[in-house]
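The values are calculated or read from the model by the stated rules, or taken from the named source; none is laboratory data. These numbers come from a predicted model, not from an experiment. So basically every Cβ, Gly included, is an ideal-geometry build from the backbone, and we count neighbours across all protein chains shown. Keep in mind that these areas ignore ligands, DNA and RNA; they rest on the heavy atoms of the full protein, side chains included. Shrake-Rupley method; radii C 1.70, N 1.55, O 1.52, S 1.80 Å.
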Number of protein chains: 2
Amino acid sequence: MAGPGRSSAVTLGQLGEDAVVARLVRGLPTGSDVLVGPGDDCAVLGRPRDARWTLFKTDCVIENIHFRPDEDASRVGWKALARALSDIAAMGGEPSHGLITIAAPREMPAIRLDALDAGLRKAARRFDVAIVGGETARSPGPLFLSVALTGTVEHDRCVLRSGGKPRDAIYVTGRLGGSLQGKHLDFIPRLAEARWLTSHLKVHAMMDLSDGLAADLPRLAAASDCGFTLWENEIPRTRGCTLAQALADGEDYELLFTVAAREASSLESSWRKAFPRLRLTRIGELALQSEIRNPKSFRGFDHFA
Amino acid sequence: MAGPGRSSAVTLGQLGEDAVVARLVRGLPTGSDVLVGPGDDCAVLGRPRDARWTLFKTDCVIENIHFRPDEDASRVGWKALARALSDIAAMGGEPSHGLITIAAPREMPAIRLDALDAGLRKAARRFDVAIVGGETARSPGPLFLSVALTGTVEHDRCVLRSGGKPRDAIYVTGRLGGSLQGKHLDFIPRLAEARWLTSHLKVHAMMDLSDGLAADLPRLAAASDCGFTLWENEIPRTRGCTLAQALADGEDYELLFTVAAREASSLESSWRKAFPRLRLTRIGELALQSEIRNPKSFRGFDHFA
């Protein structure tokens, strides 16, 4: 009999997001100038000794999945670009060039397209992205936006998910949970914060929180070949959110990163001076083996679930 | 009263594709390293004196628009990558790295995803593209694939749409029309042919034919600030196709290019030796003013029409 991954009856929903991605990236051929292929927040391209490496990322937002049909389209445009920028931030990088793909129903009013475009341009101006082209297509269904971004990062400031070490302190920026109250459309990608971090200390591992801490922290730990202890009472929650919401709502777009434990106190005091209005919270530590205290609540957002 | 482009009642279908794209790209900010922004087959990035420039392109295919739901998914995967490769070819470039975005319904069988992926990988292997990552999302509607590609081109071999000159000979590769009979899924992007052309002569202007000669030739001529004379009887038609089909079916993915008229005869004889199985046809000439003999038939494919 065929296993569950092989039967023709198995759907993407049954496989789940991580398994779907794993199928797509297994054994991908990579060239000699591919420093990091699939599996991190961005692909990293270049030669090991280049002073700067190129970052490359795509991301998409879809009506009825990532935004409601009645949503202000300028916020949707902002979100589409900001999501990809959050991935550039997660590598410690700076954005360069963007391409926009819009698939829209032909009955969509032109002023809605103009609003989308205004939101994209607002984000592009604020974060210094040159939008160098766009494709349009007709969608027979939902409105669909895809963003392709390039960026750069100095090779000694590029941070992967895989650099975490046992006993590293785990930090998260901002507050988690409740993103659907509005933050998922208006969030600020943590580009400045990530650049500050890599200029002030050695960040071992970093990623952005898109699917919720409960989905993303295990990914960072697994990439670093570590387990982790999470101090659930320390997790900074958005006002009114339960622990479960802070863990699993997703779309926080905050930075999750680890540093050597000995750097913790100086990091915390200099962070407070640099970013007095953005909370930075130590929420646990990487470990040799996983020690999750409350496994039942530990499930993030799965796009296909 | 508001003009037709300003009224809130105007839809994308009423505006038409070129007007939609024009709205999206007007006044886009570009950085100093943007050599070609929106409006050509790819964006061109780099500094003017760099030996090689970077090409950047995205493209998408959508179920029920670009392929039927019952289509062999491996052919769909091939098409998704080959379309973007055709744009790299149109600049005279070579592909480098690709990122794939797939939005799929959760009830899609996993084996269909595997087939899509097989088609993408087949095209990536054949044309030497390193696929360096992929995003997946759930689609509440049709299956949607977007491809982002980078490439490179020597700066003295980069061909834009805008370099055509009055009295240039206009050429097209292959045969036009009838793509829906199957070619739209199995076509070969003309990368080798374009590289051969730029190594053998000065190509003034080039693009790939995606929306049909009737839509695309006026775009090339306008970008070159020229009119054109089209020799309609010379247009190479796919067997069984009418002139109208050859002009307007679209999805030919052939090269349309111009060279100085004095180069025509040597081009034709050396082409026959290099590509004995692929037709090359001189179909007209650029002119100072437009001289279209049969304007009524002259309408290409409009995605929003």
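Details
Residue-by-condition table, conditions (1) more than 30 Å from A:Gln14 (Cα to Cα); (2) buried (at least 22 other Cβ atoms within 10 Å of the Cβ); (3) of a type in the set (Asp, Glu):
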position: B:Asp33; (1), (2), (3): yes, no, yes
position: B:Ile65; (1), (2), (3): no, no, no
position: B:Pro69; (1), (2), (3): no, no, no
position: B:Leu99; (1), (2), (3): no, yes, no
position: B:Pro109; (1), (2), (3): no, no, no
position: B:Leu120; (1), (2), (3): no, yes, no
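- For region B:172-207, filtering for residues that are modelled with pLDDT under 95 and closer than 20 Å to B:Arg157 by Cβ leaves 0.
- Being aliphatic (A, V, I, L, M) and more than 8 Å from chain B (Cβ to nearest Cβ) is a description that does not apply to A:Ala104.
- Applying the set (1) closer than 27 Å to B:Arg121 by Cα; (2) over 16 Å from the mean Cα position of the chain (by Cα); (3) of a type in the set (Asp, Glu) to B:Asp156 leaves exactly one unmet item: (1).
- Per this entry, B:Asp114 is not counted among residues that are more than 10 Å from every other protein chain (Cβ to nearest Cβ) and open to solvent by 20 Å² or more (accessible area, probe 1.4 Å).
- Residue in region A:35-58 that is nearest to A:Ser96 (Cα to Cα), counting only those that are basic (Lys, Arg) and surrounded by fewer than 19 Cβ atoms within 10 Å (Cβ to Cβ): A:Arg52
- Region A:122-140, residues that are crowded, with 24+ Cβ neighbours inside 10 Å and under 19 Å from the mean Cα position of the chain (by Cα): A:Ala123, A:Val129
- B:Ile62 passes every criterion in (1) closer than 20 Å to A:Leu28 by Cα; (2) β-branched (Val, Ile, Thr); (3) facing another protein chain (nearest Cβ under 7 Å) apart from (1).
- Residue within region B:120-131 that is in contact with a His (Cβ under 9 Å, 6 or more places away or on another chain), of a type in the set (D, E, K, R), in contact (Cβ under 8 Å) with a residue 24 or more places away in the chain and more than 23 Å from B:Thr238 (Cβ to Cβ) present: no
- For region B:177-186, the set of residues classified as surrounded by fewer than 20 Cβ atoms within 10 Å (Cβ to Cβ) and hydrophobic (A, V, I, L, M, F, W, C) consists of B:Leu180 only.
- Of residues in region A:9-25 being of a type in the set (A, V, I, L, M) and open to solvent by 50 Å² or more (accessible area, probe 1.4 Å), the one nearest to the other protein chains (Cβ to nearest Cβ): A:Ala9
- Any hit, region B:190-197, residues being crowded, with 20+ Cβ neighbours inside 10 Å, under 20 Å from B:Phe56 (Cα atoms), of a type outside the set (Gly, Ala, Ser) and within 14 Å of the chain's Cα centre (by Cα): yes
- Exactly one residue out of B:Asp70, B:Asp40 is at pLDDT below 95, under 22 Å from B:Tyr253 (Cα atoms) and not hydrophobic (A, V, I, L, M, F, W, C): that is B:Asp40.
- Some residue of region B:141-160 being at the interface with chain A (Cβ under 7 Å from one of its Cβ atoms) and surrounded by fewer than 24 Cβ atoms within 10 Å (Cβ to Cβ): yes
- Condition check for B:Asp40 on (1) touching a Ser or Thr at 6+ places or on another chain (Cβ under 8 Å); (2) among the acidic types (Asp, Glu); (3) more than 9 Å from chain A (Cβ to nearest Cβ): one failure, at (3).
- Consider region B:68-80 and keep the residues that are within 25 Å of B:Ala192 (Cβ to Cβ) and within 13 Å of chain A (Cβ to nearest Cβ). The one that is nearest to the chain's Cα centre (by Cα) is B:Ala80.
- Residue within region B:108-119 that is touching a residue at least 60 places away in the same chain (Cβ under 8 Å) and either of a type in the set (Ser, Thr, Tyr) or not in a loop (DSSP other than H, G, I, E, B) (or both) present: no
- Screening region A:16-68 for strands (runs of 3 or more DSSP E) wholly inside it with 1 or more residues that are among the small types (Gly, Ala, Ser) returns the ranges A:43-45.
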